[in-house]
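Right, one structure below, let's go through it.
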Amino acid sequence: MDASPHLPRELTEQCAALLDVGDGHFKPTLASSVLDAFEELDPEGRAAFFHHLHGNLVADPAAVDDAIARWRDAPTQQSAQQLHAASESPRQALLRALNLAEDGTFRLVTMRSRFLEVLAEHPELEPVDQDFLHLFRSWFNAGFLALHELSWHSPSSLVEHILQYEAVHPLGGWADLRSRLEPADRKCFAFLHPSMGDRPLIFVEVAVTEDVPASTDFITDLGRARQSSARTVATLYSINNTFPGLRGIPFGNHLIKQVIAHVRRHDPEVTTFVTLSPVPGFRRWLETQPADGAGGRRLAEEADAALRPGAPVGAVAALRPAIVAAARSYLLGGTDGRGRPLDRVARFHLGNGAVLDRINWPASAEQHVLDQSFGLMVNYLYDAPGDVDGDGGERDRTERHRTERVPATASSAAGAAHRQTTTEETT
């Protein structure tokens with residue numbers, strides 16, 4: 001591949017040197033120099049760098065053919081290892097070497113976030129992403145993750161990331177953050193990694209309450225009475241990934257399971273574990289449905305009208321059965337081209353073994369929730385004895401029998417797809 005005018009020749013030479021140098025004390029210094037140079041590139045330079053990795057740092061076809069021939073002649077462990085070594089791209093070796101730099105893991109995660117921006121415009125670079133993912137899945141496997149419970153008294157260098165990266169229910173400032181970290185009935189848990197410092201990889205906010213919440217009011221109810229012995233429900237109401245460069249690395253499933261185990265050990269009266277989750281694709285889906293099917297644009301317009309200030313009394317109640325039925329159809333009735341639930345958050349939770357428990361409308365007046373789903377949110381139930389579906393915040397025992405097998409099917413399909421794609425979403 002020809003050199004790009006946007007890519008400094010010195011940087012490509014440093015990459016070549018890093019691949020050739022031994023394991024001496026100079027290697028981390030050279031790795032830092034490569035990362036320094038990359039971080040100074042403009043968008044065109046970064047794109048050129050990734051195209052260089054894709055076009056020039058590839059496995060040698062002749063060496064691969066030779067290794068294949070040797071394995072066919074003598075299929076031994078040694079010839080298999082030689083084939084593996086021959087087929088591994090030099091860019092994977094380069095990424096490993098770059099990890100030796102100071103704060104190298106964090107800087108490589110940041111590099112991949114830049115790469116994903118380029119990949120969106122240049123899908124032919126997908127093999128480069130596979131090398132990133134191969135390494136990150138090893139470096140960030142569950143055995144290296146440490147669960148930390150965060151509080152208002154945790155180091156500010158740690159909790160400020162909650163303030164910065166809370167995307168499900170954005171925080172207005174430190175006072176909002178304090179209301180979610182300080183009270184005894186509010187908890188926050190995060191995964192930390194030894195190579196990422198005080199930077200949470202993913203965090204979940206938890207409310208311990210008397211009942212399964214049907215709306216987001218409990219988040220901002222600062223005057224609520226503190227719960228005591230009646231606390232039996234733990235609601236995981238906000239799960240956030242903090243690093244775009246770690247997209248595709250499966251943290252959420254491990255985090256939820258460890259948080260549930262932790263709460264059970266330290267708060268044994270809590271017996272029910274649910275989420276209060278957004279349904280981000282519901283509006284877009286509903287507006288494309290035929291009017292004689294699940295609702296269509298007319299139902300969407302009626303939902304918007306019912307939620308406007310000054311709408312007739314009872315408008316929401318009258319429309320709720322149709323909205324909930326449409327949401328149930330969207331969440332449980334349809335799949336994408338890969339056999340997964342249409343909704344990305346549903347894919348995540350059903351793929352992790354949860355079941356759809358309740359559909360709540362309206363559940364939030366937050367503008368982004370209105371934009372996504374007319375304010376509709378759902379509860380996913382973890383560790384449930386059976387599959388449950390609901391209606392408008394009330395558990396519908398009749399409907400339960402008609403849908404109890406659908407979440408299990410969706411869970412199985414989503415779980416299989418999740419293991420293949422390892423895509424994480426906030427919820």
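Readers should treat all values here as calculations from the given coordinates under stated rules, not as data from a laboratory. Quick caveat: nothing in here was measured; it's all calculated off a predicted structure. Because the Cβ atoms are built from the backbone with ideal geometry, glycine has one as well, and the counts that use them run over all protein chains shown.
Placing a pseudo-label 7 Å from each Cα along the Cα-to-Cβ vector at residue 210 and residue 138 gives an inter-label distance of 5.4 nm. Model label points for residue 257 and residue 10, set 7 angstrom from Cα along the Cα-to-Cβ axis, are 4.9 nm apart. Each of the peptides 20-30, 276-286 was scored by the mean count of other Cβ atoms within 10 Å over its residues; in descending order, highest first, they stand as 276-286, 20-30. Springs between alpha-carbon atoms under 10 Å, Gaussian network over the chain: tell me which of 210, 301, 166 tops the mean-square fluctuations. The residue with the greatest mean-square fluctuation here is 301. Distance from the C-alpha centroid of segment 19-60 to that of segment 129-182: 29 Å, rounded to the whole angstrom.
Taking the alpha carbon gyration tensor of segment 9-139, multiplying each eigenvalue by 5 and rooting it gives semi-axes of 27, 18, 13 Å, largest first. Length gained on full extension, residue 335 to residue 33: 104.0 nm, using 0.36 nm per residue less the C-alpha separation. Within the chain, all pairs of alpha-carbon atoms sorted by distance into 20 Å bins from zero give the percentages 22, 48, 26, 4, 0.
For the chain, the relative contact order is 12 percent, taking Cα pairs closer than 8 Å that sit 6 or more residues apart in sequence and dividing their mean separation by the residue count.
Using a 10 angstrom cutoff on alpha carbons, build the Gaussian network for the chain and name the most mobile of 14, 81, 92. With Cα springs under 10 Å in the chain, the top fluctuation among 14, 81, 92 is at 81. When the P(r) is computed for segment 107-201, the part past 15 Å accounts for 68% of the Cα-Cα pairs. Of the two radii for segment 242-328, the radius of gyration is 1.16 times the Kirkwood radius, both from the alpha carbons; that is the Rg over Rh value.
Rg/Rh for segment 289-374: what does it come to with C-alpha atoms and Rh from Kirkwood? List each step's numbers first, then the result.
Details: Rg = 13.9 Å, Rh = 14.1 Å.
In segment 289-374, Rg relative to Rh is 0.99.
As an exercise, find the ratio Rg/Rh for segment 143-275 from alpha-carbon atoms, using the Kirkwood inverse-distance average for Rh. Walk me through the intermediate numbers first.
Numbers: Rg = 14.3 Å, Rh = 15.2 Å.
Result for segment 143-275 is an Rg/Rh of 0.94.
Rounded to the nearest 20 debye, the dipole size of the chain about its Cα centre is 1260 debye, using +1 on the Cβ of Lys and Arg and -1 on the Cβ of Asp and Glu.
Quick one: dipole size for segment 143-275, taken about the Cα centre, charges +1 on Lys/Arg Cβ and -1 on Asp/Glu Cβ, in debye to the nearest 20. It would help to have the intermediate numbers written out before the result.
Numbers: 12 positive and 14 negative charges, 66 e Å.
My answer is approximately 320 debye.
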